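For reference, the structure is listed below as structure tokens.
What follows draws every value from the coordinates through simple rules; no lab data is involved. Quantities reported herein were computed from a predicted structural model and do not represent experimental measurements. Note that we place each Cβ from the backbone using ideal geometry, even for glycine, and neighbour counts take in every protein chain shown.
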Amino acid sequence: MRAKVLILGLIYLLMMSFIFSAKEESHFNFWQKFFTEPVETIYIIMKNGTLFKYTNHEERLIHLCAGILEDTLKKRSYKIKDIAIIIHNHRIEQIFSDADWRFYRDIKRRGLNGLFLLYCHRTNKTYCLEYKK
């Protein structure tokens with residue numbers, strides 16, 4: 001009888017560990033794998049799937065203006081309107097900074113129709129600026 005209880009107890013513990021590990025995996029954020037370095041990075045994903053990555057290796061900000069981005073894209077035969085997603089990361093804050101808002105407004109004036117997203121490491125969540133208005 002003791003052996004049966006012990007075996008059933010072990011089976012129960014194995015099942016519970018499997019369930020808990022599955023719950024942890026369900027909290028995986030798709031964008032998490034893009035932001036592995038301890039610096040701010042911006043990814044620009046074009047409508048055709050082409051991916052551009054930019055970082056200036058600073059922990060708390062990115063120096064990128066809409067004009068430079070537009071010129072860089074033009075050299076590669078793209079336009080601002082060809083952007084599907086712009087996403088960057090913040091290590092701690094899940095809110096869009098004033099600089100994020102300025103960049104967004106400028107890039108929107110230049111033809112952005114895509115999404116402007118923020119991935120926060122602390123919360124492991126992705127936020128869309130359009131929904132923050």
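Structural remarks
- Taking amide H as placed 1.01 Å from N in the peptide plane, Phe116 has its amide H under 5 Å from the amide H of Ile86, Leu129, Glu130, each at least 5 places away in sequence or on another chain.
- Over 21 Å between alpha carbons, listed pairs Lys47/Lys75; Lys33/Lys125; Lys47/Lys81; Lys33/Lys74; Lys53/Lys79; Lys53/Lys81: Lys33/Lys74
- Taking label positions 7 Å along the Cα-Cβ direction at both Arg122 and Tyr54, the computed distance is 2.6 nm, reported to one decimal.
- Segment 107-129 versus segment 57-97: alpha-carbon centroid distance in Å: 10
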